[in-house]
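One structure is given below, encoded as structure tokens.
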Amino acid sequence: MNKAKNVVVHVVQHLLPGGIESLCLEMLLKSKDVKVHIISLEGTFQEMSSKWPRLLKLAPRLHFVNKPAGFKPSVVWQVARLMRRLNAKVIHTHHIGPLLYGGMAAKLAGIKTHIHTEHDAWHLENAKHKKIVKRCIRLLKPKLIADADVVAQALIKAVPECSPSVIHNGVDTGKFKPGIQSRARRLLNLPPDTSLVGCAARMQQVKGHDILLDAMFRLPSGVHLALAGGGPEEERLRQQVKDLKLDERVHFLGLVQDMPAFYQAIDIFCLASRAEGMPLSPLEAQACGTPAVITNVGGSAESLCKDSGFLVEPQDSVELANTISTALSKPEKANPRNFVMRERNLQGMLGAYQALHAAN
């Protein structure tokens, strides 16, 4: 008889399109030696799948708590019961809310193995967040993972006695690969003969879309911008585009189902974030052979091919515009795909996590 697989349950805040959520879905789909479920603290399946159709085929392994706003102790018991029903052997939490709720629920459910991945350094600068994370780490004693060296350093600064391991994010280089630019632009209804900058990120203030739009205003009219994704800042950003008279040069694509085609269609990928952990989107773009211009925040530098990409200081639209112009005008120095295949590939990341899951 085959030995029953360990059941690993990931706990996330929500299942909206994003880096943490995509990482968990990849582990659900591609983990071989364990069975994976995902618990989303917020929302319902209907709500989240309407915003991310990719979830529709994964319904049996996705579980939604629909937690209301604020701290709700009853949710801890609800999650604990769900963990017991799933026969979870390993709990893997991601970010601060899941660390608190998922970690406490695991204790109530009698689950001994708790792995926690910290994806952001910047939120630990918030005194309240730092206090919660410190108490949770000391009380729950999870096996700590950081997705970037800078995140590990922030964790150690917040909780000096902790010793996180680092598992860098990785992307699927079989899925994200170079393609024919003209074909990709036709597929996405993007202009065929312009210089095209692209950004794929949830439209939140921290992602710096407003700074990128200010940079676009400073660039020649032949440079266009394609934006993939949506979010709470979208209407404000659309108004900013109108105010800057960029209507003809900025293309809002919404949720793009074929993300490899998006990265293949653009000349330069740009992420103007005010803060980051270690973002996946620059890795996806570079895996498609597209150079990246990103702000030097959090672990972003660890996601950049140094031989082809450009780092800029955050919240400086003048420097950002100048760097985009330089990136568009200079011949490609190196193929960034080689960096991703060598150092930031999905197989390496999954192998490291699967070894942790299977060992417990």
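Would you confirm, using the coordinates I've provided, whether Leu253 is in contact (Cβ under 8 Å) with a residue 60 or more places away in the chain, touching a Leu at 6+ places or on another chain (Cβ under 7 Å) and surrounded by fewer than 21 Cβ atoms within 10 Å (Cβ to Cβ)? Even if it seems obvious, please write down each step before you answer.
Values: in contact (Cβ under 8 Å) with a residue 60 or more places away in the chain: yes; touching a Leu at 6+ places or on another chain (Cβ under 7 Å): yes; surrounded by fewer than 21 Cβ atoms within 10 Å (Cβ to Cβ): yes.
Here the answer is yes, as Leu253 does meet what is asked.
Return a yes/no flag: does the stretch 2-22 have any residue that is more than 20 Å from the chain's Cα centre (by Cα), modelled with pLDDT of 90 or more and under 27 Å from Ala148 (Cβ atoms).
So the first thing to find is which residues in the stretch 2-22 are more than 20 Å from the chain's Cα centre (by Cα), and the list is 2-8.
Subset that is modelled with pLDDT of 90 or more: 7-8.
From what's left, under 27 Å from Ala148 (Cβ atoms): 8.
The answer is yes; a qualifying residue exists.
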Taking the stretch 282-300 and keeping only residues that are small (Gly, Ala, Ser) and at pLDDT 95 or above, one is left with Ala285, Ala287, Gly289, Ala292
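For the structure I just gave you, tell me whether Ser221 is without any contact (Cβ under 8 Å) to a residue 12 or more places away in the chain, surrounded by fewer than 21 Cβ atoms within 10 Å (Cβ to Cβ), farther than 20 Å from Ala301 by Cβ and among the hydroxyl-bearing types (Ser, Thr, Tyr). Let's see the steps before the verdict.
On the way: without any contact (Cβ under 8 Å) to a residue 12 or more places away in the chain: no; surrounded by fewer than 21 Cβ atoms within 10 Å (Cβ to Cβ): yes; farther than 20 Å from Ala301 by Cβ: yes; among the hydroxyl-bearing types (Ser, Thr, Tyr): yes.
So Ser221 fails the test.
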For the stretch 194-234, the count of residues that are in a loop (DSSP other than H, G, I, E, B), among the hydrophobic types (A, V, I, L, M, F, W, C) and farther than 17 Å from Leu255 by Cβ equals 1
Given Pro191, Pro160, which one is surrounded by fewer than 19 Cβ atoms within 10 Å (Cβ to Cβ), in a loop (DSSP other than H, G, I, E, B) and assigned by TED's automatic domain parsing to the domain that holds Glu276?
Pro191
Output for Cβ contacts, cut-off 8 Å, separation at least six or different chains, first residue farther than 12 Å from Leu15 by Cβ in the stretch 61-79, second of a type in the set (D, E, K, R) and crowded, with 19+ Cβ neighbours inside 10 Å, reads Val75/Lys67
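Could you check the stretch 302-341 and list, in sequence order, the residues that are assigned to a loop (DSSP other than H, G, I, E, B), touching a strand residue (DSSP E or B) at 6+ places or on another chain (Cβ under 9 Å) and of a type in the set (Asp, Glu)? Give the derivation first.
Narrowing the stretch 302-341 to residues assigned to a loop (DSSP other than H, G, I, E, B): 304-309, 313-316, 330-335.
Among the residues that remain, those that are also touching a strand residue (DSSP E or B) at 6+ places or on another chain (Cβ under 9 Å) are: 304-305, 308-309, 313-316.
Matches in the stretch 302-341: Glu313, Asp316.
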Here are the criteria: (1) at pLDDT 95 or above; (2) over 20 Å from the mean Cα position of the chain (by Cα). Tell me which single one His92 does not satisfy.
(2)
Contact list please: Cβ distance under 7 Å, first residue in the stretch 311-335 and loosely packed, with under 14 Cβ neighbours inside 10 Å, second residue assigned to a helix (DSSP H, G or I), pairs at least six apart or on different chains.
Glu313/Glu319
Quick one: Lys130 ticks every box in (1) buried (at least 17 other Cβ atoms within 10 Å of the Cβ); (2) of a type outside the set (Ser, Thr, Tyr); (3) at pLDDT 95 or above; (4) in a helix (DSSP H, G or I) bar one, so which box is it?
(3)
Would you say Ser163 is under 26 Å from Ala301 (Cβ atoms), modelled with pLDDT under 95, over 19 Å from the mean Cα position of the chain (by Cα) and of a type in the set (S, T, N, Q)?
yes
Looking only at residues in the stretch 1-47 that are small (Gly, Ala, Ser) and assigned to a loop (DSSP other than H, G, I, E, B), which one is surrounded by the fewest Cβ atoms within 10 Å (Cβ to Cβ)?
Ala4
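The values are calculated or read from the model by the stated rules, or taken from the named source; none is laboratory data. The shown structure was predicted, so the numbers you read here are calculated from the model rather than taken from an experiment. Neighbour counts are summed over all protein chains in view; Cβ atoms, including those assigned to glycine, are modelled from backbone coordinates with ideal geometry.
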